[in-house]
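Colleague: Just dropping this structure here.
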Amino acid sequence: FGEGHRLRPDCIQFYECKNILFEDFSIKSSPFWTTHPVFCENVTARRLNIQRGTTNDDGFDPESCKNVLIENCRFDTNDDCIAVKAGRDQDAWNRPGTENIVVRNCTFRTEVGSGFCIGSEMSGGVKHVFVENCTIESQNH
């Protein structure tokens, strides 16, 4: 955005990595997107407990990734729990999109976002997404 502008950082971001395992840990109070692999391959997220942070605290955002498994995780966010992304504008026009995503046995709780969504960054395209046996809990106590 230019000199003098500051963006809130992701809590965890891997960039152009392979064979990533996120397993058996909790994260609370992320300043922005909580877990954000970008241009990565063979990513597994298992038994994570993602707890609320601030606004735009998406739980898990695989962006322009290939072969991603998210299973047995619990998300309690103010924004999207899982947001599958594929790059924004020129950052992704000449890069591979997102493909082969499996999400299963997860629990979603969100204040204003979606339990699971595709987008909004979509320039590289998304294909082969499978979601099963997930629960969205009510915000009404």
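Colleague: Filter the chymotrypsin sites (Phe, Trp or Tyr not before Pro) in the range 1-46 down to the DSSP loop ones having no more than 12 other Cβ atoms within 10 Å, then list what survives.
Modeller: In loop regions of the range 1-46 (DSSP not H, G, I, E or B), the sparsely surrounded chymotrypsin sites (Phe, Trp or Tyr not before Pro) are F1, F25.
Colleague: Find how many whole Å separate the alpha carbon centroid of the range 44-73 from the alpha carbon centroid of the range 85-138.
Modeller: Distance between centres, Cα-based: 10 Å.
Colleague: So, in the chain, how many Lys pairs have Cα atoms under 19 Å apart, if the pair is 8 or more places apart or on different chains? It would help to have the intermediate numbers written out before the result.
Modeller: Numbers: K18/K66; K18/K85; K66/K85; K66/K127; K85/K127.
Final tally of qualifying lysine pairs is 5.
Colleague: Top mean-square fluctuation among S26, S64, S123, Gaussian network model of the chain, C-alpha springs under 10 Å?
Modeller: S26
Colleague: Applying the Karplus parametrisation 6.51 cos²θ - 1.76 cosθ + 1.60 with θ = phi - 60° to the phi angles of the range 102-117, what ³J(HN,Hα) value in whole Hz is obtained for each residue in order, glycine and proline being reported as x?
Modeller: Per residue, the Karplus-derived 3J(HN,Hα) values read 10, 10, 8, 6, 10, 10, 10, 9, 9, 6, 10, x, 9, x, 9, 8 Hz.
Colleague: A follow-up question, please. What spacing in nm lies between the two simple spin-label points modelled at S26 and E41, each 7 Å away from Cα in the Cβ direction?
Modeller: Calculated label separation equals 3.6 nm.
Colleague: Quick one: accessible surface of L7, probe radius 1.4 Å, all protein chains present, in square angstrom to the nearest 10.
Modeller: Around 130 Å² of this residue is reachable by solvent.
Colleague: I would also like to ask the following. Treating only the Cβ atoms of Lys and Arg (+1) and Asp and Glu (-1) as charged, compute the dipole magnitude of the range 50-99 about its Cα centre; round to the nearest 20 debye. Walk me through the intermediate numbers first.
Modeller: Numbers: 6 positive and 11 negative charges, 26 e Å.
Result for the range 50-99 is approximately 120 debye, rounded to the nearest 20.
Colleague: Compute the projected area of the convex hull of the Cα atoms of the chain, averaged over all viewing directions, and report it in nm² to one decimal place.
Modeller: Values: hull surface 33.6 nm².
That works out to 8.4 nm².
Colleague: Per residue of the range 39-46, what does 6.51 cos²θ - 1.76 cosθ + 1.60 with θ = phi - 60° give for ³J(HN,Hα)? Whole Hz please, x for Gly and Pro, Karplus curve as stated.
Modeller: Taking θ as phi minus 60°, the curve returns 6, 10, 9, 6, 10, 10, 10, 9 Hz for the range 39-46.
Colleague: Now, a different point. Using 17 Å as the cut-off for backbone N distance, which residues of the range 92-113 belong to the label zone defined by a point 7 Å from the Cα of F130 along Cα→Cβ?
Modeller: What the label zone holds, given the 17 Å backbone N cut-off, is 99-106.
Colleague: Checking the a/c ratio against 1.5 first, then a/b against b/c, what shape does the Cα gyration tensor give for the range 19-82?
Modeller: Working: a/c = 2.24, a/b = 1.43, b/c = 1.57.
Oblate is the answer for the range 19-82, as a/c is 1.5 or above yet b/c matches or exceeds a/b.
Colleague: At most 13 other Cβ atoms within 10 Å plus a DSSP loop assignment makes a site exposed; report the longest stretch of the chain without any exposed GluC sites (Glu not before Pro). Mind dumping the intermediate values first?
Modeller: Working: sites that count: E3, E16, E111, E137.
Excluding the exposed sites themselves, the longest stretch runs over 17-110.
The values are calculated or read from the model by the stated rules, or taken from the named source; none is laboratory data. What you see is a predicted model; the values in this text were computed from it and never measured. Heads up, the Cβs are rebuilt from the backbone with ideal geometry, glycines too, and the neighbour counts pull from every protein chain shown. SASA here: full protein model, heavy atoms, side chains in, ligands and nucleic acids out. Shrake-Rupley method; radii C 1.70, N 1.55, O 1.52, S 1.80 Å.
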